[in-house]
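Peer 1: This is the structure, below, for whatever I ask next.
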Amino acid sequence: MSAVTPDDMATVLTTSRLSAQDLTVGYGDAPVIDGLNVQVPDGQITTVIGPNGCGKSTLLRSLARLLRPKSGSVLLDGHDISSVPTKQVARTLGLLPQSPTAPAGLTVLELVSRGRHPHQSWYRQWSNEDEQAVSEALTLTDVADLADRPVDALSGGQRQRVWIAMTLAQQTDLLLLDEPTTFLDLAHAIDVLDLVEDLRTTHGKTVVMVLHDLNLAARYSDRLVVMRDGAVLAEGTPDDVITPAVLQDAFGLRAQVIADPTGAGPLVVPLTKRTG
């Protein structure tokens, strides 16, 4: 993997609205993340990968201010996120958690409309601006025709699009997606990730997501962050990071790395006892 030079780091820092500095987070006394540093480049898709239990979701929850650090900080627009008012955070940063659930009988339109809550107050109720934001979110995610259907009656892929629509209705520039393809078959996973890529390419969103599928992560990411044991093991472009050595160190995985025939970056081919 190519080394990150001081000039490279300075460039990342000056174009990063969201970052973690010396971040230590845990549940109880045991730290899950210990002294972690990471910057999220603006206008790119950054994907966090690593073995189960390495702290990927903990990192995402910390970046979203759902977990309070034991030490260190998360910076949003140069300010410690813990000092930023809750509604301001929600107007800047949207989070799609793992396996979200909606109350029984809630319709798609009602769920997506909840994305406008950060923009509401006692003196500002539902407005034309809210109506337009919800309509645009439904259209962008191609679920407008499902507006009147109960969320719990939808397929897995449809539900994921609806939850992303709710996040988009917040009209934030930063999107954090925790395993957005969980429980989806490959076709629906591709559909959701195509949508994520379009949000970055066409609408200028900055995206941080956690994925388990290494080949999907390599195909859809501008930048990868590889975690192991609560720390960053490697980070960089997929070509820099997806190497046999890093895969062995991070996952204990023996693999060959070849060029993706579609031209979309590296492709991981796991090795078994039979294949070598």
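Peer 1: Mind checking the alpha-carbon convex hull of segment 39-185 and giving the volume per residue in Å³?
Peer 2: Roughly 144 Å³ of hull volume per residue.
Peer 1: Okay, moving on. Can you list the HN-Hα couplings for segment 252-263, worked out from phi with the Karplus curve (6.51, -1.76, 1.60; θ = phi - 60°), rounded to whole Hz and with x for Gly and Pro?
Peer 2: Rounded to whole hertz, the list is x, 9, 8, 7, 9, 10, 10, 6, 5, x, 7, x.
Peer 1: Apply the a/c threshold of 1.5 to the C-alpha gyration tensor of segment 220-268 and tell me whether it is rounded, prolate or oblate.
Peer 2: Note, shape of segment 220-268 comes out oblate.
Peer 1: How high is the relative contact order of the chain, in percent, counting Cα pairs under 8 Å that sit 6 or more residues apart?
Peer 2: 23 percent
Peer 1: Could you tell me what a quarter of the Cα convex hull surface of segment 74-154 works out to, in nm² with one decimal place?
Peer 2: 7.0 nm²
Peer 1: Further, regarding this structure: Can you give me the relative contact order of segment 67-164 as a percent, contacts being Cα pairs under 8 Å and 6 or more apart?
Peer 2: 31 percent
Peer 1: When N counts the residues of segment 159-276, how does its alpha-carbon radius of gyration compare numerically with 2.2 N^0.38 Å, as a ratio?
Peer 2: 1.13
Peer 1: Same structure, new question: Hey, if you drop one equal point scatterer on each alpha-carbon of segment 103-229 and run the Debye formula without solvent, what base-10 log of I(q)/I(0) do you get at q = 0.09, 0.11, 0.12, 0.19 Å⁻¹?
Peer 2: After summing over all Cα pairs, the log10 values are -0.27, -0.40, -0.47, -1.08.
Peer 1: Apply the Karplus parameterisation 6.51 cos²θ - 1.76 cosθ + 1.60, with θ equal to phi minus 60°, to every residue of segment 82-91 and state each ³J(HN,Hα) to the nearest whole Hz, in sequence, with x for glycine and proline.
Peer 2: Once θ is set to phi - 60°, the couplings for segment 82-91 become 5, 9, 8, x, 4, 5, 5, 4, 5, 7 Hz.
Peer 1: Further question: What is the percent carbon and sulfur in the accessible area of segment 206-276, measuring with a 1.4 Å probe over the protein chains and ignoring ligands?
Peer 2: 52 percent
Peer 1: Report the gain in length on full extension from ASP80 to GLU129: 0.36 nm times residue separation, minus Cα-Cα distance, nm rounded to one decimal.
Peer 2: The ASP80-GLU129 span can extend by a further 14.7 nm.
Peer 1: Along the principal axes of its C-alpha atoms, what lengths does the chain span, in descending order and rounded to whole Å?
Peer 2: 60, 42, 37
Peer 1: Only helical DSSP H runs with n ≥ 4 go in: add -39500 (n - 2.57) per run for the chain, normalise by residue count and round the 222 nm mean residue ellipticity to 500 deg cm²/dmol.
Peer 2: -9500 deg cm²/dmol
Peer 1: Turning to a different aspect of this structure: Can you pull the percent of segment 149-197's accessible area that's carbon plus sulfur, 1.4 Å probe, other chains left in place?
Peer 2: Carbon plus sulfur share of accessible area: 52 percent.
Peer 1: Taking all protein chains in place and a 1.4 Å probe, what share, in percent, of the accessible surface of segment 24-106 do carbon and sulfur account for?
Peer 2: Within segment 24-106, the accessible surface is 49 percent carbon and sulfur.
Peer 1: Ok, one more. Run the numbers on segment 228-276 and let me know its relative contact order in percent, using alpha-carbon pairs under 8 Å that are six or more apart.
Peer 2: Here the relative contact order equals 27 percent.
Peer 1: May I ask for the net charge around LEU184, where only other residues with Cβ less than 15 Å from the Cβ of LEU184 are counted and Lys, Arg are +1 while Asp, Glu are -1?
Peer 2: -4
Peer 1: Work from the charge dipole of the chain (Cβ charges, +1 for Lys and Arg, -1 for Asp and Glu, about the Cα centre) and give the residue of ALA255, ILE45, GLN98 farthest towards its positive end.
Peer 2: GLN98
Peer 1: Under a cut-off of 28 Å between alpha-carbon atoms, report the lysines in cross-link reach of LYS205, not counting same-chain residues fewer than 8 places apart.
Peer 2: Partners found: LYS56, LYS87.
Peer 1: Counting only heavy atoms of the protein chains, get the accessible area per residue of the chain (1.4 Å probe) and round it to a whole Å² value.
Peer 2: Accessible area per residue, the chain: 48 Å².
Peer 1: So, one more: With the crude spin-label approximation of a point 7 Å out along Cα→Cβ, what separation in nm comes out for SER99 versus ASP198?
Peer 2: 2.9 nm
Peer 1: About the Cα centre of segment 116-170, what is the dipole size in debye to 20, counting +1 per Lys and Arg Cβ and -1 per Asp and Glu Cβ, all else neutral?
Peer 2: 200 debye
Peer 1: Still on this structure: Once you order the gyration tensor axes a ≥ b ≥ c over the Cα atoms, which shape class does segment 184-228 get: rounded for a/c under 1.5, otherwise prolate or oblate by comparing a/b with b/c?
Peer 2: oblate
Peer 1: Next question, about the same structure. Label-point separation (nm) for GLN88 and ALA187, each offset 7 Å from Cα along Cα-to-Cβ?
Peer 2: 4.7 nm
The values are calculated or read from the model by the stated rules, or taken from the named source; none is laboratory data. Note that this is a predicted model, so its numbers are computed, not measured. Every residue, glycine as well, gets a Cβ built from its backbone with ideal geometry; the counts of neighbours run over all protein chains shown. Protein only, heavy atoms only, side chains kept; ligands, DNA and RNA dropped before computing areas. Shrake-Rupley method; radii C 1.70, N 1.55, O 1.52, S 1.80 Å.
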